[in-house]
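The next block holds one structure in the form of structure tokens; read it before the comments.
A short reminder: the numbers here are calculations on the coordinates, not readings from a lab. Just so we're clear, the structure is a prediction, and the values are computed from it rather than from any experiment. Cβ: placed from backbone, ideal geometry, glycine included. Neighbour counts: every protein chain shown.
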Amino acid sequence: MIKRLWIVGILMSVFLGVSAATYREVPLDDKIKDKDLTFCVTFDKFSGNADLAKGNPNSTSLPNLALGLRGIIGFDTRQAFRPENEEDLKFDVAGNVLPQRGTITMWVCALDYSPSDELTDGKKRGNIALLYMMFKQGSRHIEYQLYEYGDTFYFDWRSSEPPQGWGQVGRVQVCRKGIKQKQWHQLTVTYDERKTAIYLNGALGAEVFLPEKVSKTLDLQPDPKLSFLGIKSRFYEDKHKWGVAVDDIKVYSRVLAPLEIKNQYQKLLVSQTAEKLQSFEVKLNGVDEGGGHKLDQLEAEFDFSALPANARTLLDEGKLEIEYTLTGPDAYQESSRPASIIWKQK
């Protein structure tokens, strides 16, 4: 939930994401309690079937997959999944994932190569598939491809709608410099009818607006028989040659705000590098009213998506108090001055 506040002035700090290699163990029941979670597969029960699903929880390709003897340890010291040569883990999309908007988080670990190096033994590794979503209706389709190439993660949006060619793919990417072999790291992607974004360990890597033709895809209704959600499901030339493990894949029915993604990652850290969780975030933009007005304003966009429950109740009731300090040139300072507030919910 993001609300916009028009106010004469507010000054806040900006926090940056950090990465770490040690994470908390979270009980399975707590993993599947996230708000707006529609699908989650953790492998904690040594199975490839989903632990939570609004649609069909069973894998359509590997419903009897048993992971008990594989010994792949996940980011939280529980079971994870590394596919064998011919294994493509697929699920139904109906009820589990939406074609036009959502957030997906997953954990990734390169087992037999350094992900921050472009080459292994002097050779390129090629594309390594991580997640593949196909939403198809007749001859029309939308597809999302999450993969790695060299030292970089890529997330592509593609559509069968014309035109095709250069500039008609929505692509975001983030580099993994500093990530070591056998080091777990969290990858998050978001998408809606306007843009896509990619995050590494809770920090925004990049976001991009989709091509204009995305407007032609908004009415697409996926055929369940032709559509699927694939986890380590091969595409391009990937043949599971490289050892890549994945863990705790979560799908949400909306685009999580950057602060939610950051806080979700920070909650899992077990080290002194973990930051204090933020209850809200604010972004400032200058506003030029024009028309001969003498007083320009600042637009303050508040992100209240991570607000604690008690404070959220006060916000909904219009009783949440906001303290602020306005600073300016020549040591000017003013605190807690009443402000004219216009709420705009996004």
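Some observations on this one:
- Packing order of peptides 164-176, 242-254, highest average first: 242-254, 164-176 (average count of other Cβ atoms within 10 Å over each peptide's residues).
- Top positive-direction residue, dipole computed over segment 28-266 with Cβ charges, set Leu119, Asn85, Ile32: Leu119
- Per-pair calculated FRET efficiency, R0 = 22 Å: Leu28 and Thr313 via Cβ, rounded to 0.05: 0.15
- Taking a ≥ b ≥ c as the square roots of the eigenvalues of the alpha-carbon gyration tensor, segment 28-266 is classed rounded because a/c is under 1.5.
- For the pair Glu84 and Ala66, the difference between a 0.36 nm per residue extended length and the Cα-Cα distance amounts to 5.3 nm.
- Furthest towards positive pole of dipole, Leu131, Ala66, Val172, structure part segment 28-266, Cβ charges: Val172
- For the residue pairs Lys45/Lys262; Lys54/Lys225; Lys90/Lys177; Lys45/Lys225; Lys45/Lys136; Lys45/Lys241, the alpha carbons lie more than 23 Å apart in Lys45/Lys262; Lys90/Lys177; Lys45/Lys225; Lys45/Lys136; Lys45/Lys241.
- Relative contact order, whole percent, for segment 40-119 stands at 29, derived from Cα pairs under 8 Å and 6 or more residues apart.
- Gain in span if fully extended, Lys54 to Thr120, counting 0.36 nm per residue against the direct Cα distance: 19.7 nm
- Extreme residue, positive dipole direction of segment 218-261, given options Gly230, Tyr252, Leu218 (C-beta unit charges): Gly230
- Listed peptides 224-233, 65-74 appear in the order 224-233, 65-74 once ranked by packing, highest mean of other Cβ atoms within 10 Å at the front.
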